[in-house]
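Step one of this worksheet: look at the structure below.
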Amino acid sequence: MKIHEYQAKEIFSKFAIPVPKGSAARAGKEAKQIAEEIGGSQWVVKAQIHAGGRGKAGGVRVADTPEAVVEIAEEMLGMSLVTPQTGPQGVRVSKVLVEEALAVKQEFYVGAAVDRARQCPVLIAGSEGGMEIEELAKSHPERIVRERVDVGLGLPAFQVRNLLFGMGMDAGLMRAGTGVIRGLYRLFDSFDCTLAEINPLVVTEDGRLLALDAKIDFDDNAMFRHKDLLELEDAGEKDPLELEASRHRLNYIRMDGNVGIMVNGAGLAMATMDLIKQAGASPANFLDVGGGATTEMVTKGFEIILGDKNVRGILINIFGGILRCDVLANGVVEAASKVRINVPVVVRLEGTNVEQGRKILAGSGLDFVVADSMADAAEKVRGIASS
């Protein structure tokens, strides 16, 4: 689960990570009030969307007067901001963050993530901030230092020092830098994050160390431990079909292909996507109904797939283990009775009660194409792709 920058900075403050003075606004008048409360002679107005690259896309601008804050905020609010991470359709801006403008002397990068290869948290620090860490890793890998953390031991002092020395931080800022790194790791560990990032962490001309930008991603699988965080989710940032799927406990990710898929199991989903690509088509989604799916969940999954106007055909690929083939077949038939189907549907069933499932499909009176094997399904999908 992703949250906005202003929300991440509110959490940073709770962990003693210093951030610029600022608040979020939904209207120009509110933005002006925030600027006046902050004081000073310059302010930064930032569009709040779940995507990077806002600055280059015009989503981060400086205002010299409270009136200019109003003008910029009103221009941003309601616009579709297009960045390299949003796709060509962009994302609608519904909030802006108004902050004090800072005179920046130096920029660093600090982040905490999950090292999946080592199965542990990893802290990453760089001597250059304000740019994508992936770009820095490619162009100047020597400017990045990593410290993998043993969750049983926590974050020892020597690893914090290694990060600070690797960043090239001035000795006078070591105490403040230690507080930032320790606070970031405590946050990461406490909230089951997949990412907690400060890019950039800046030193101002007056010697302050501040998190100029903030990003936090939470592990969806751990949300049952942090139900209070769910209220931070911005439904407007999610694809409507993905949002609807999450409400019905379906694992759905929308893609830009033309063949919708429904499977039970992430591994089978990946194999099915490969199958579709090899057949000359592209997957329109990732939809895993899971091993404990009910007829109602399968029905809803079918409706969500058909809600994507780019879908030219559907491949249902089920291995009946926990989810029996007859349950899936009943769900498909029930969904077909509720939703107008105007694309071909290929169904491949194997496993528990497979014959009963095939009989249900055959006796439904609906025009399903039943495949006998994965290879057979690939041939039938090829027909969908070429139609």
Given the options E355, E334, E303, E350, name the one that is within 30 Å of the chain's Cα centre (by Cα), of a type in the set (D, E, K, R) and either in the same structural domain as L243 (by TED's automatic domain parsing) or over 13 Å from M262 (Cβ atoms) (or both). E303
Every residue in segment 290-314 that is within 16 Å of A336 (Cβ to Cβ) and either assigned to a loop (DSSP other than H, G, I, E, B) or of a type in the set (A, V, I, L, M) (or both), please. M297, V298, I304, I305, L306, G307, V311, I314
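Can you give me the number of residues within segment 334-346 that are of a type outside the set (G, A, S) and either on the phi > 0 side of the Ramachandran plot or out of contact with any helix residue (DSSP H, G or I) (no Cβ under 6 Å at 6 or more places or on another chain) (or both)? Don't jump to the end; show me each part of the working.
First, the residues of segment 334-346 that are of a type outside the set (G, A, S): 334, 338-346.
Filter once more, so that each one left must be either on the phi > 0 side of the Ramachandran plot or out of contact with any helix residue (DSSP H, G or I) (no Cβ under 6 Å at 6 or more places or on another chain) (or both): 338, 340-343, 345.
Count: 6.
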Given (1) at pLDDT 80 or above; (2) surrounded by fewer than 18 Cβ atoms within 10 Å (Cβ to Cβ); (3) not aromatic (F, W, Y), identify the lone condition not met by V339. (1)
Of all residues in segment 166-185, count the ones that are touching a residue at least 60 places away in the same chain (Cβ under 8 Å), in a helix (DSSP H, G or I) and over 18 Å from K14 (Cβ atoms). 0
Give the residues of segment 2-29 that are surrounded by fewer than 17 Cβ atoms within 10 Å (Cβ to Cβ) and more than 30 Å from T194 (Cα to Cα), sorted by residue number. A27, K29
Failed item, numbered, when R148 is tested on (1) touching a residue at least 40 places away in the same chain (Cβ under 8 Å); (2) of a type in the set (K, R); (3) within 30 Å of D228 (Cα to Cα): (1)
Quick check on segment 88-96. Is at least one of its residues free of Cβ contacts under 8 Å to residues at least 60 places away in the same chain, over 30 Å from T178 (Cα atoms) and crowded, with 17+ Cβ neighbours inside 10 Å? yes
Residues being under 31 Å from the mean Cα position of the chain (by Cα) and either within 12 Å of I360 (Cβ to Cβ) or assigned to a loop (DSSP other than H, G, I, E, B) (or both): count how many of those fall in segment 315-331. 5
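Could we say that K215 is surrounded by 14 or more Cβ atoms within 10 Å (Cβ to Cβ), closer than 30 Å to S80 by Cβ and free of Cβ contacts under 8 Å to residues at least 60 places away in the same chain here?
Values: surrounded by 14 or more Cβ atoms within 10 Å (Cβ to Cβ): yes; closer than 30 Å to S80 by Cβ: yes; free of Cβ contacts under 8 Å to residues at least 60 places away in the same chain: no.
No; evaluated as a whole, the condition is false for this residue.
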Residue within segment 116-131 that is touching a residue at least 40 places away in the same chain (Cβ under 8 Å), buried (at least 18 other Cβ atoms within 10 Å of the Cβ), out of contact with any Phe, Trp or Tyr (no Cβ under 7 Å at 6 or more places or on another chain) and not β-branched (V, I, T) present: no
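The values are calculated or read from the model by the stated rules, or taken from the named source; none is laboratory data. For clarity, every value in this text was computed on a predicted model and none was experimentally measured. All Cβ positions, even for glycine, are placed from backbone atoms using ideal geometry, and neighbour counts span all protein chains on display.
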